[in-house]
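The block underneath contains the structure these notes are about, expressed in structure tokens.
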Amino acid sequence: MRYHFAIAIGLIAATPAFALDMPTRKAGLWELTMEFVGRNLPGQTMKQCVDAATDKLMNQAYGGAGKEACAKQDVSKAGDTMTIDSVCKFGPATVTSHAVVSGSFDSAYSVDVESSREGGPPMPGGGKNHMKITAKWLGPCGAGQKPGDMIMANGMKINVLAMPHPGVPQR
């Protein structure tokens with residue numbers, strides 16, 4: 001259960017936003033697939049119901065580090081591609097990331113993130129990570145779904161807006 005929860009949180013803001021002003025995804029049901037490149041971990045797929053307000057709240061709550069934690073946050077845009085290079089400090093660890101976000105937040109997009117961590121406690125798999133996320137819009141949210149609902153592959157449903165997060169108002 002804890003593993004699925006961690007994956008869900010990782011998928012919530014399926015962009016390496018680092019508290020940047022990312023585009024809002026089209027309202028409705030999105031399917032998100034996360035792949036851990038070079039790791040012996042299965043890919044994870046889930047569905048997420050969003051509207052503009054919840055997408056913005058989730059990006060603020062789970063989208064990564066704020067400017068105060070990052071010594072570097074370089075963002076460049078070319079067409080439908082955004083490249084983000086950052087160096088951020090999380091306690092004793094320094095994380096260097098390179099992310100490429102491409103596609104349309106109205107229909108389908110992908111995120112490719114490579115990161116390395118120095119310092120902090122040892123982590124499984126070492127300090128390097130490579131993750132790919134693909135997201136596609138499926139249509140309107142289903143009956144009984146409300147913005148913030150995440151439906152895991154095993155059918156478990158949680159609403160991220162019901163989870164407490166410092167600095168984000170509960171709805």
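The values are calculated or read from the model by the stated rules, or taken from the named source; none is laboratory data. This structure is a prediction, so every number in the text was calculated from the model and none was measured. Don't worry about glycine lacking a Cβ; one is built from the backbone with ideal geometry, like all the others, and counts go over all protein chains shown.
Tabulated values for the structure
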{"quantity": "Number of the exception - Ala143 against (1) more than 20 Å from Gln73 (Cβ to Cβ); (2) modelled with pLDDT of 90 or more; (3) crowded, with 18+ Cβ neighbours inside 10 Å", "calculated": "(3)"}
{"quantity": "Residue within the range 25-38 that is farther than 15 Å from Ala153 by Cβ, modelled with pLDDT of 90 or more and touching a Leu at 6+ places or on another chain (Cβ under 9 Å) present", "calculated": "yes"}
{"quantity": "Among the candidates Asp21, Asp74, Asp51, residue that is at pLDDT 55 or above, crowded, with 16+ Cβ neighbours inside 10 Å and charged (D, E, K, R)", "calculated": "Asp51"}
{"quantity": "Contacts under 9 angstrom Cβ, first residue in the range 85-97 being more than 15 Å from Asp74 (Cβ to Cβ), partner assigned to a strand (DSSP E or B) and aliphatic (A, V, I, L, M), 6 or more apart", "calculated": "Lys89/Ala71; Lys89/Val95; Thr94/Ala71; Thr94/Val87"}
{"quantity": "Which listed residue is among the hydrophobic types (A, V, I, L, M, F, W, C) and within 21 Å of Val50 (Cβ to Cβ), from Val75, Val160, Val87, Val95", "calculated": "Val160"}
